[in-house]
1. Considering only the stretch A:231-244, I want to know if a residue exists there that is buried (at least 20 other Cβ atoms within 10 Å of the Cβ), in a loop (DSSP other than H, G, I, E, B), at the interface with chain B (Cβ under 8 Å from one of its Cβ atoms) and not basic (Lys, Arg).
2. From the list B:Thr278, B:Thr268, which residue is among the polar types (S, T, N, Q), within 25 Å of B:Pro26 (Cα to Cα), more than 8 Å from chain A (Cβ to nearest Cβ) and touching a helix residue (DSSP H, G or I) at 6+ places or on another chain (Cβ under 9 Å)?
3. When you go through (1) in a helix (DSSP H, G or I); (2) more than 20 Å from the chain's Cα centre (by Cα) one by one for A:Val218, which number turns out not to apply?
4. Among the residues of the stretch A:178-199, is any more than 14 Å from chain B (Cβ to nearest Cβ), part of a strand (DSSP E or B) and either touching a residue at least 24 places away in the same chain (Cβ under 8 Å) or not polar (S, T, N, Q) (or both)?
5. So which residues in the stretch A:1-49 are part of a loop (DSSP other than H, G, I, E, B) and buried (at least 24 other Cβ atoms within 10 Å of the Cβ)?
6. Which residue out of B:Ala74, B:Ala133, B:Ala101 is surrounded by 14 or more Cβ atoms within 10 Å (Cβ to Cβ), in contact with a Leu (Cβ under 6 Å, 6 or more places away or on another chain) and modelled with pLDDT of 95 or more?
7. Which of the residues that make up the stretch A:200-211 are away from chain B (no Cβ under 14 Å) and of a type outside the set (A, V, I, L, M, F, W, C)?
8. Which condition breaks for B:Gly309 when tested against (1) more than 10 Å from chain A (Cβ to nearest Cβ); (2) at pLDDT below 95; (3) within 28 Å of B:Gly228 (Cα to Cα)?
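The values are calculated or read from the model by the stated rules, or taken from the named source; none is laboratory data. Here the structure is a predicted model, which means the values were calculated and not measured. We place every Cβ from the backbone using ideal geometry, glycine too, and count neighbours over all the protein chains shown.
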There are 2 protein chains.
Amino acid sequence: MTLPAKVRIVEVGPRDGLQNEKQVIPADTKVSLIRRLEAAGLKAIETTSFVSPKWVPQMGDNTEVLTRVLAEAAPGVDYPVLTPNMKGFEAALAAGAREVAVFGAASESFSQKNINCSIAESLERFRPVLEAAAAADVRVRGYVSCVAGCPYEGSVAPEAVAEVAGTLLDMGCYEVSLGDTIGSGNPASIQRMLEAVQRRVPVHQLAGHYHDTYGMAVANIHASLQAGVSVFDASVAGLGGCPYAAGASGNVATEDVVWLMNSLGVDTGIDLNALVDTAAWISSQLGREPASKVARALLAKRAKAACTG
Amino acid sequence: MTLPAKVRIVEVGPRDGLQNEKQVIPADTKVSLIRRLEAAGLKAIETTSFVSPKWVPQMGDNTEVLTRVLAEAAPGVDYPVLTPNMKGFEAALAAGAREVAVFGAASESFSQKNINCSIAESLERFRPVLEAAAAADVRVRGYVSCVAGCPYEGSVAPEAVAEVAGTLLDMGCYEVSLGDTIGSGNPASIQRMLEAVQRRVPVHQLAGHYHDTYGMAVANIHASLQAGVSVFDASVAGLGGCPYAAGASGNVATEDVVWLMNSLGVDTGIDLNALVDTAAWISSQLGREPASKVARALLAKRAKAACTG
């Protein structure tokens, strides 16, 4: 099987990662994290979320963070922000956002339990956001959650994923990121899901967003590469953990994805050493070790090299 | 691609795992660990190593452990032990061993640095062990190390792996376990290596022994399954860590392998919950968390279920 020659990695640590941390991280730390990620070569960095600080205090500094990041934006880097509704979109636009993200679930139960409405209703709520974004020439990325399983329903039909992904593209998203929210996918089920989605959506408009809860993310990314997917979401140092079980892993670590790609000869444009430095730095800010095996191994090797001269 | 319907998992935690722990574990703990692994459904448990206690104090209780384990051997379970030379083999035989293991490297530099002789010389040293084993009707398993890379040479030619694996089988081993000693393999390189080895050795006589140093082991196991391999070595709780870099991962965790197989519908005969219990137990004996993402996620879920009633 021929793999893509290069992939785009969308760094979600500053948003999807830090949003799921218990502690609220200072804006200075967030901005510094984003600057370090740019320096490591990341070209797409999800920066913050325009949600109510009542519900997500971790993102209460969204306007400050986005404004500061955009004031010294690196050339060629995208800084998408999550905007679940018009109020969020307007605030993001006022802060200068050029790319936003919206999300839908592939599971009815998940949609009901999480945002208290059906999948169809949730997509309708995004319609004004997509219209306003089009009018303002702002790109919109779509997320689909529960693409490989749902915490309430168990299995999720690949056709349901295809339908939500297709609708998001029809509504104007330029790309749809397929999220294995609970990490229950495996290489075979991910490939089956991707086959169904590709019957509805061109593969170049798909991204894989896989959680490493059960250590399957790297295998799932490899399976997706084989299916032609060339965009992957990842979180530096595996930031975020699992919102469903404290102590479990969440987003796949960016370092692990870059290692896989380097090792397969697939170009990412990312400097792995600088990325590992960034993982070590943000982990020390959070008072812990990076969740990434690659970061741990490379840091352990460096420590050993420093000891033995 | 059709995957094997069932796989055999060879548990190496009590030997390859505990041998690489800094602390010396009491024989009682080792025996109890093996009993728990049997109860979880493991049918092949590498029990100890008959090496000099001067070099490997962690295995200094080899005769006691093997004798006690065999005195209450579970039906249908194999208890291989590592025997690097005739002295070790004779001690193992005296303790009742019915299966032993020998090893060769696929890298000349690794062989020289680790056992101070060439690959060919190392294999010749095992010849009397294999002859004595045949005479005593003892099965011999072979290991090949550095099958996907060497800490000294970097890349290792798949043909070198094939040659050592073939020689071990020619000498009388019933199976050869292919070890990615430094965890540098990826799904593509592992498949290339397996293709070369399969030109020399039937796939049903091959096992995959993959280290998870860079988080690639599950993907490498999946790639091996696709290539027809149906035996995998693994270490409960990821015991052992990486002998080359403290803090890095070593053997792939048995829980992660069983999760992958369950999720792919491949039978292992292993009770994942009992295995996770065992991982939690031995990790608590060692004063740390299991290295397995699956164990962590399932233990976190249990803790949450216990909290919320």
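1. For the stretch A:231-244, residues buried (at least 20 other Cβ atoms within 10 Å of the Cβ), in a loop (DSSP other than H, G, I, E, B), at the interface with chain B (Cβ under 8 Å from one of its Cβ atoms) and not basic (Lys, Arg): present.
2. B:Thr278
3. (2)
4. yes
5. A:Val7, A:Val12, A:Leu42, A:Glu46, A:Thr47
6. B:Ala101
7. If the condition is that a residue be away from chain B (no Cβ under 14 Å) and of a type outside the set (A, V, I, L, M, F, W, C), then A:Arg200, A:Pro202, A:His204, A:Gln205, A:His209 are the ones that fit.
8. (3)
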